[in-house]
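The values are calculated or read from the model by the stated rules, or taken from the named source; none is laboratory data. Note that the structure is a prediction, hence the values are computed from the model and not measured. Quick reminder, even Gly has a Cβ in these numbers, built from the backbone with ideal geometry, and neighbours come from all protein chains shown.
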Amino acid sequence: MAYADVLLNEVRAAHIIVIGLPVYNFGVPSQLKSWIDQLARKGETFQYTEKGPEGLLKGKKAIIAMASDGTKRGSAIDFASGYVKHMMNFFGITDVEIVAADAIAYAPETTVPAALQEVDALAL
């Protein structure tokens, strides 16, 4: 649990959490899944109440920086960004923005500049 405690303390100390999300085969990389699993701790990042689960990491902002070769953000085959956003919400982090350089394989000349504009427009 020592490593999980280090990760949890880093997240607790942060006001803004930036998550790099490369999309691998429509999902999240195993390293990111492991990071999320290390944070998913009853009584630390969430609790169960009579009304259902309640996140305990309130008052934070998460920015998900998504990159994919062929998966478009929010599409029927994007299982990655929705999962990460859901887990942030589950932990109580409800101010979540997704910036995406997505489906780069189809139009890199427009996709990358559009993603950079999204980054510039972030409200920090």
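Looking across the range 65-107, the residues that are of a type in the set (G, A, S) and either in contact (Cβ under 8 Å) with a residue 60 or more places away in the chain or surrounded by 14 or more Cβ atoms within 10 Å (Cβ to Cβ) (or both) come down to A65, A67, S68, S75, A80, S81, G92, A100, A101, A103.
Being touching a helix residue (DSSP H, G or I) at 6+ places or on another chain (Cβ under 9 Å) and at pLDDT 95 or above: is that true of A80 here? So A80 fits the description; yes.
Listed by first and then second residue, the pairs with beta-carbon distance under 9 Å, at least 6 apart or on different chains, first residue in the range 39-64 and closer than 26 Å to L122 by Cβ, second exposed (fewer than 11 other Cβ atoms within 10 Å of the Cβ) and among the hydrophobic types (A, V, I, L, M, F, W, C), are K61/A123; K61/L124; I63/L124. Checking each residue in the range 42-56 for being touching a helix residue (DSSP H, G or I) at 6+ places or on another chain (Cβ under 7 Å) and either part of a loop (DSSP other than H, G, I, E, B) or crowded, with 17+ Cβ neighbours inside 10 Å (or both) picks out E44, T45, F46, G55. Can you pull out the residues in the range 74-124 that are over 30 Å from P53 (Cα atoms) and acidic (D, E)? Once the filter is applied, which keeps residues that are over 30 Å from P53 (Cα atoms) and acidic (D, E), the range 74-124 yields D102, E109, E118, D120.
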